[in-house]
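K.L.:
This is the structure I have questions about; it appears just below.
The values are calculated or read from the model by the stated rules, or taken from the named source; none is laboratory data. Everything numeric in this text was worked out from a predicted model, so none of it was measured. Every residue, glycine among them, receives a Cβ derived from its backbone with ideal geometry; neighbour counts consider all protein chains shown. SASA here: full protein model, heavy atoms, side chains in, ligands and nucleic acids out. Shrake-Rupley method; radii C 1.70, N 1.55, O 1.52, S 1.80 Å.
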Amino acid sequence: FFFFVIFFLLMLSFFFSVLVQVVQKLFPTEAVGVVCQVDGRYEVVEYSEITLQTAERRRDDGRLMFDAGNTCNHFFTMDFLEQIVNEHEDDLLHHVARKKIPFINDCGERVTPTQPNGMKMEKFVFDVFRFSQEFAVLEVMREDEFAPLKNGPSSAKDSPGSCRAALLNLHYRWILAAGGHFIDAEGSRLPLIPPRRSRSPVSAEIECEVSPLVSYSGEGLETFVSGKTFSAPLYIDTDEIQNGSEANGHGRSSPQAKRKFEE
């Protein structure tokens, strides 16, 4: 929520026609496009289009030279988009994407290839960046804003599991920022920085979820959690807090498990 407010304020204050959100890339071959200048114009170079040598280039301080990962959160003015439609639509270039495309062989059988066997010609919304004369980039914290979903449940990254873990981690930090604390099964307070397990991006001991009906971006939680201690899993809804074993069972709890806010 606060991110979008900042976006709008920046666009109104500095008359940008395009404002783009980015996060730092984790490693050179991460499957995200990078926002950069190409021949003096801002563009997004897709991860499939950048060479490994270029992707691995680093600055003097060790950071990646091209580290502005595109999250596909973009703001445009209507005037700019109308200009694109009226003046530049025919100038938008195609991207070549090599894909694994199922097909029917000579025997009438459906074949699902394991390697790319075809090409798709694609255009992307960010192809209009190069026509902006009032272009700006805003870098945000990856942990707060970006958890891509690209792969199936069996994948260790960019999967439903990794997205869920990132959300639980975010909500855990919301509770801490609002003055709440967590304890483990032995009653010891959990650290401010969430622990990590070898097979999971977030530890099961700190699983917590805040309903969007209670807080959209971590705001207003002090009334519910400040000065209180919780054990995971924790679920906070509009009229109840389900804590520890009470929160098991996919969000269901008995009347005895509910701690009403009015208490």
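K.L.:
Per 0.36 nm of contour for each residue apart, how much would the distance between V5 and A136 grow if the chain were fully extended, relative to their Cα-Cα spacing?
P.N.:
Extending this stretch completely gives an extra 45.6 nm.
K.L.:
Let me ask something else. For the chain, which whole percent of the accessible surface, found with a 1.4 angstrom probe, sits on carbon and sulfur atoms?
P.N.:
For the chain, the apolar C and S fraction of the accessible surface comes to 53 percent.
K.L.:
Per residue, how much accessible area does the chain show when a 1.4 Å probe rolls over the protein heavy atoms, in square angstrom?
P.N.:
Here the residues of the chain average 63 Å² of exposed surface.
K.L.:
Moving on. Local charge sum around R130 (other residues, Cβ-Cβ under 12 Å, Lys/Arg +1, Asp/Glu -1)?
P.N.:
-3
K.L.:
While we're on this one: Between the DSSP loop rule and a limit of at most 15 other Cβ atoms within 10 Å, which trypsin sites (Lys or Arg not before Pro) in the stretch 45-132 are left?
P.N.:
R57, R59, R63, K100, K123
K.L.:
Same structure, new question: Kindly work out what percent of the DSSP beta bridges joining two residues of the chain are antiparallel, to the nearest 5.
P.N.:
Counting DSSP beta bridges with both partners in the chain, the antiparallel share is about 70 percent.
K.L.:
Between L149 and R63, 0.36 nm times their residue separation minus their Cα-Cα distance comes to what?
P.N.:
Fully extending the segment from L149 to R63 adds 28.4 nm.
K.L.:
If the chain between E49 and R164 were fully stretched, how many nm would it gain, using 0.36 nm times the residue separation less the Cα-Cα distance?
P.N.:
38.4 nm
K.L.:
May I pose another question? Please build a GNM for the chain, connecting alpha carbons under 10 Å apart, and tell me which residue among F129, F27, F224 fluctuates the most.
P.N.:
Highest fluctuation of the listed residues: F27.
K.L.:
Around D67, with a cut-off of 12 angstrom between Cβ atoms, what is the net charge of the other residues, counting Lys and Arg +1 and Asp and Glu -1?
P.N.:
Once all neighbours under 12 Å are counted, the net charge is +2.
K.L.:
Quick one: helix 2-14 against the long Cα principal axis of the chain, what's the angle to the nearest 10°, folded into 0 to 90?
P.N.:
So the inclination is approximately 40 degrees.
K.L.:
Which of G108, G118, G218 ends up with the largest GNM mean-square fluctuation for the chain, with Cα atoms connected below 10 Å?
P.N.:
G108
K.L.:
Taking only Cα atoms and a 10 Å spring cutoff, compute GNM fluctuations for the chain and point out the largest among V137, V22, V85.
P.N.:
V85
K.L.:
To continue, here is another question. Net charge near E209, counting Lys/Arg +1 and Asp/Glu -1 over other residues with Cβ under 11 Å of its Cβ?
P.N.:
Spelling it out: positives minus negatives among the neighbours equals -1.
K.L.:
Which of the aspartates and glutamates could be linked to K123 by a straight reach, that is with a Cα gap under 20 Å, when you skip same-chain ones fewer than 8 residues away?
P.N.:
In chain and number order, the partners are D39, E43, E46, E49, E82, E87, E89, D90, D91.
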